[in-house]
Amino acid sequence: MQTFDEALAEFIERSRRLLHRESPEDRPPPHPAPPFDPDAVPVPSALILTEDLIRRYAYAIGEDNPLYTDPAYGERSWLGSQIAPPTILIHVRFPADHGAQRPQGYPVANFLSGVAWEFYDVLRPGMRFTSSKIPRELVVTRGRQGKVIFHHSENFYWTNYGALKAKAYGRLIHLPVEQMGGTRVMPVERLGERMLYDREPHHYSSAEIEKLGEALEKEQRRGAHVLSWEEVDEGEELPNIVQPPYSVGDALTYQSLDHGLLAALDGTRLVRAFRPAYRRSRQNPAFARTHPVTGWPYTPYDEHEDRYLAPYRCQPLPFDFGIQRAQAPIRLLTNWAGDNAFVHRMYTTMRRPIFYGDAAIYKGKVIRKYVAKKTDAAGRTVPYAAVAVEIVGLNQRDEVHCLGYATVFLPSAAMGQPVLPVPHTDPPEYVPFDTHRRAGWY
């Protein structure tokens, strides 16, 4: 049996060897007669955009914009059809890499720390996708929790016809946990020894309930009413958006959409419930947890959703999937900019979890107004009327849970409607983390 230090050293060394190579993660699920080549690169996706799937995804992230939910409304828009929120691409390929894998796992608690998107075109019903995910940087440093491992990756998302629709840069943080010993699974008797936060579910006062309810009721969308670039001023604040207190149902909507689209990290069929989950727990030790209340040793690793399992990830309560905060701010931007704008870039970096019962308030402010010039591989350059937006995410206690930036292209009297697709080199070059995390890139 490896010691904690030996297992951690192996994880870092093996993960470094995987840099600049196609990730084995998020392959299509295995089938008796596979419709996909699981070893193909770019990697084929099982996701097919349909009107209903787009609608269900929109509702799953708190979106009820008719551009996403009503095909007839989309047909009347300048885009000519229903479109999908562009962040639906997380269900094609998760935009971060987990590093080296083995059946017993490694003694690290990992969390999505940030995602930077770059979108080139809208997504429409009927589209299918292929993707590439390549880990690019692995940085070992020290933070307030001790040794920290930052893992950066680069994702490409193409249609089946080879049109590049988006890129994403993902950042996963691995926190070494000595209490796990030499594996990913902490012994049940050591649960609670290391906790990253001290929290209980927030109890809302009457004043807080009234304040949140008022914010939820007054949220408005610009919709088809055009916001021109000329109308916008630097320093302008975007209307806030609010998500009500986080619940287990909010967590399960993400899981329900993702289930069946991707294989597990080891390439086998991903199962999470009933007898199939029991059998997987028997076969794969890293998948199973001993439930601290029932004592059942073959409990699936539902650390996000189950209060009693959250301490396996050093958390005191059920907590959100970080990827949900790499999606939610799209509503902040489109509510303000309207149907005639195009979100080109969006970045969120996660500072603390949204715990069970926490509300999420997203704020935005225009920090720059400029003309962006985009050039394709043939040298064609197109100007865009651009604004850079600063994003701040708070909980009901005014604690910052995420920060970020975005680039929004607006219609302009001088430049007209944003031209789609946005020109880009082929392929677009890699943008290092130290660049895409800064306001200047937006």
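I'm trying to understand the selection: among the residues of the stretch 376-430, which are assigned to a strand (DSSP E or B) and either among the acidic types (Asp, Glu) or within 30 Å of SER205 (Cβ to Cβ) (or both)?
Answer for the stretch 376-430, where residues must be assigned to a strand (DSSP E or B) and either among the acidic types (Asp, Glu) or within 30 Å of SER205 (Cβ to Cβ) (or both): GLU390, ILE391, VAL392, GLY393, LEU394, VAL400, HIS401, CYS402, LEU403, GLY404.
Looking at VAL343, VAL408, VAL392, which one is open to solvent by less than 10 Å² (accessible area, probe 1.4 Å) and either at pLDDT 95 or above or of a type outside the set (Lys, Arg) (or both)?
Every option except VAL408 fails the conditions.
If you check PRO411 against the conditions, is it of a type outside the set (A, V, I, L, M) and over 23 Å from the mean Cα position of the chain (by Cα)?
When the stated conditions are applied, PRO411 passes them.
Scan the stretch 131-143 and report the pairs whose first residue is in contact (Cβ under 8 Å) with a residue 40 or more places away in the chain and farther than 20 Å from GLU10 by Cβ and whose second residue is among the charged types (D, E, K, R) and part of a strand (DSSP E or B), with Cβ atoms within less than 7 Å and a gap of 6+ or a chain change.
ILE134/GLU154; ARG136/GLU154
Taking the stretch 17-26, which residues are open to solvent by less than 40 Å² (accessible area, probe 1.4 Å) and over 20 Å from LEU164 (Cβ atoms)?
Residues satisfying the conditions are LEU19, GLU25.
Suppose the filter is buried (at least 16 other Cβ atoms within 10 Å of the Cβ), more than 22 Å from the chain's Cα centre (by Cα) and among the aromatic types (Phe, Trp, Tyr); does TYR384 pass it?
Answer is yes for this residue.
Would you point out which residue out of THR348, THR375 is open to solvent by 30 Å² or more (accessible area, probe 1.4 Å), touching a strand residue (DSSP E or B) at 6+ places or on another chain (Cβ under 8 Å) and hydroxyl-bearing (Ser, Thr, Tyr)?
THR375
Of the residues PRO103, PRO71, PRO35, only one is open to solvent by 20 Å² or more (accessible area, probe 1.4 Å), touching an Asp or Glu at 6+ places or on another chain (Cβ under 8 Å), farther than 21 Å from ASN284 by Cβ and not β-branched (Val, Ile, Thr); which?
PRO71
Hey, does the stretch 189-197 have a residue that's more than 21 Å from the chain's Cα centre (by Cα), of a type outside the set (A, V, I, L, M, F, W, C) and surrounded by fewer than 12 Cβ atoms within 10 Å (Cβ to Cβ)?
Within the stretch 189-197, one or more residues are more than 21 Å from the chain's Cα centre (by Cα), of a type outside the set (A, V, I, L, M, F, W, C) and surrounded by fewer than 12 Cβ atoms within 10 Å (Cβ to Cβ).
Quick one: what pairs do we get from the stretch 261-283, first residue free of Cβ contacts under 8 Å to residues at least 12 places away in the same chain, second open to solvent by 70 Å² or more (accessible area, probe 1.4 Å), C-beta under 9 Å, 6+ apart or different chains?
Taking only residues 6 or more apart or on different chains, the pairs are VAL271/HIS259; VAL271/ARG279; PRO276/ARG269; GLN283/PRO103.
Going through the stretch 205-236 one residue at a time, which ones are surrounded by 12 or more Cβ atoms within 10 Å (Cβ to Cβ), within 27 Å of the chain's Cα centre (by Cα) and farther than 19 Å from ASN340 by Cβ?
LEU212, GLY213, ALA215, LEU216, GLU219
The values are calculated or read from the model by the stated rules, or taken from the named source; none is laboratory data. Quick caveat, the model's predicted, so the values are computed rather than measured. Quick reminder, even Gly has a Cβ in these numbers, built from the backbone with ideal geometry, and neighbours come from all protein chains shown. To get the accessible areas, we keep the full protein, side chains included, count just its heavy atoms, and leave off ligands, DNA and RNA. Shrake-Rupley method; radii C 1.70, N 1.55, O 1.52, S 1.80 Å.
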